[in-house]
1. Any idea which residue in the range 262-282 is surrounded by the most Cβ atoms within 10 Å (Cβ to Cβ), counting only those that are among the acidic types (Asp, Glu) and more than 31 Å from the chain's Cα centre (by Cα)?
2. Can you tell me which residues in the range 112-124 are open to solvent by 10 Å² or more (accessible area, probe 1.4 Å) and at pLDDT below 90?
3. Just name the residue that is farthest from residue 235 (Cα to Cα) out of those in the range 168-178 that are in a helix (DSSP H, G or I) and open to solvent by 20 Å² or more (accessible area, probe 1.4 Å).
4. Residues in the range 305-319: is at least one part of a helix (DSSP H, G or I), closer than 15 Å to residue 248 by Cα and among the hydrophobic types (A, V, I, L, M, F, W, C)?
5. So residue 138 fits all but one of (1) open to solvent by 10 Å² or more (accessible area, probe 1.4 Å); (2) touching a Phe, Trp or Tyr at 6+ places or on another chain (Cβ under 6 Å); what number is the exception?
6. May I ask you to list the residues in the range 179-222 that are more than 23 Å from residue 265 (Cβ to Cβ) and open to solvent by 80 Å² or more (accessible area, probe 1.4 Å)?
7. What number of residues within the range 310-339 are at pLDDT 90 or above and more than 20 Å from residue 167 (Cα to Cα)?
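The values are calculated or read from the model by the stated rules, or taken from the named source; none is laboratory data. Just so it is clear, the model here is predicted, and its values are computed rather than measured. Cβ coordinates were reconstructed from backbone atoms using ideal geometry, including for glycine residues, and neighbour counts include every protein chain displayed. Quick note on the areas: whole protein, heavy atoms, side chains included, nothing else; ligands and nucleic acids left out. Shrake-Rupley method; radii C 1.70, N 1.55, O 1.52, S 1.80 Å.
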Amino acid sequence: MDNSLPPQRTSAEPSQAMDIRIFGIGNAGISVSERLLSVGLPAAAMVAVDTQALACSFAAELVQIEGQRLRGHGSGAESEHGLVLAEASSARLKALCEGVKVVFIVAGLGGGVGTGISPVLARVAREAGALVLAFAMTPFECEGSRRQVVALEGLEELREAADGVICLPNQKVTKTMDDRTSVLDAFKIAGELLADAVLGIWRLLSHKGLIEIHFVDLCELLRGRHADCAFAVAQAAGATRSRDVLDKLLAHPMLDGGEILGDSDAVLVSLLGGPDLTMVEVNRVMEEIGSKCARAQVIMGAAIDPAFADHLAVTLIAARKSADLPVRETMRRGAAEGLDTQLVDRCSTARPGSRFVPPPPALPPEKMRQMFAEQGAGASRPRKARPKMRQGQLPLEIVSKGRFDKSEPTIHKGEDLDVPTYIRRGVSLN
């Protein structure tokens, strides 16, 4: 994020600012919340949730979900621990969501806290009448396969519980790094990218736009277990702000150089500028994005904020139907596909060759005459006399008819059909 740009204005209507509440869960969620506070989001909207003793003082509410078993040492990578503790504290979490219109949940998945608590919080927030949007990070590949599996299972549960989920795979952040990027910087960059997404959606919902995008439209874009969403947020200032913001959007690591847009089914674009924002700039941004996603349904919104004079901020969310199935289903389908391949291979190797015999090739007339001449010469040769076969007669006994001995014979055209055919016709058997 460009720190030279104006921070989020907090002088909006108080009732409107309180309509959105942000829950930062675990270390990752709290770190992102601190970043949001530094760019101007109100502290009154922040809630920090963790299983360890909370040292942060920025949030309006600090919720330490504690259990006797953990004794303040966290839940490790056991998402079940976080889930059980969240269920025990669900009444308190639900009370914090009462009267709130929109709830943002910010968490890192793969550990015990974010993975276990987030789905429970999403469920109780919806029970309290709030619309729920979750922002989640999945681990780097170097963090191990166990955390990856836990994260994917948690993401599946979060999609079931929330109205919409925006996910940042941390592995995509590596595209913005070089060989000198430290581990601390890598996690910091990932947190900043997720903070950009939260800030972009906050602006979209908190500013009354000239062309307004409703939260229902946003959730419709993100809803569904098989919806794969990518986001990008960019800001620019000065006379070339529209071109600069497009360059930043297309270079965003989540869009893969713009390839994601070409595969998207729906794209949401929200523009925020000052009173000096021109129609030419809006058309330039929308035409360039539209050319990258010709087959997608594009939802566009625009808002004006006097604090953004000479600046332009664009939030983009692209959604596509994905083959990203739940983890267990993916494993089952993978095993089934492997079995199908084995069966096909076996059938193909054991199948006998075709019994179709191709016709003989056509021969020229000279060759045909030569073949007939050879056959005629062979026919004129005297054949050797074959020895005659002598047929003997087997000594067969005449078997009596038994209980049918006194029955009337079956006579047809003067022949007794009860007598075997070979006897009636005098045929000798070998």
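1. Initial filter on the range 262-282 (among the acidic types (Asp, Glu)): 263, 265, 276, 281.
Checking the rest, the ones that are also more than 31 Å from the chain's Cα centre (by Cα) come to 276, 281.
Working: 276: 13, 281: 18.
Across the range 262-282, the extreme among qualifying residues is 281.
2. Pass one, the range 112-124, residues open to solvent by 10 Å² or more (accessible area, probe 1.4 Å): 113, 119, 123.
Hit for the range 112-124 is 113, nothing else.
3. Within the range 168-178, the subset in a helix (DSSP H, G or I) is 170-176.
Filter again for open to solvent by 20 Å² or more (accessible area, probe 1.4 Å), leaving 171-172, 174-176.
On the way: 171: 23, 172: 20, 174: 21, 175: 20, 176: 17 Å.
Here the residue is 171.
4. Applying the first criterion (part of a helix (DSSP H, G or I)) to the range 305-319 yields 306-308.
Checking which are closer than 15 Å to residue 248 by Cα leaves us with none.
Within the range 305-319, not a single residue is part of a helix (DSSP H, G or I), closer than 15 Å to residue 248 by Cα and among the hydrophobic types (A, V, I, L, M, F, W, C).
5. Going through (1) open to solvent by 10 Å² or more (accessible area, probe 1.4 Å); (2) touching a Phe, Trp or Tyr at 6+ places or on another chain (Cβ under 6 Å) one by one, residue 138 breaks only (2).
6. Result: 179, 180, 183, 184, 187, 188, 208, 210.
7. Count: 4.
Results for (1) surrounded by 21 or more Cβ atoms within 10 Å (Cβ to Cβ); (2) touching a strand residue (DSSP E or B) at 6+ places or on another chain (Cβ under 9 Å); (3) modelled with pLDDT under 80, shown as yes or no for each residue.
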site: 36; (1), (2), (3): yes, yes, no
site: 47; (1), (2), (3): yes, yes, no
site: 53; (1), (2), (3): no, yes, yes
site: 64; (1), (2), (3): no, yes, no
site: 71; (1), (2), (3): no, no, yes
site: 74; (1), (2), (3): no, yes, yes
site: 86; (1), (2), (3): yes, yes, yes
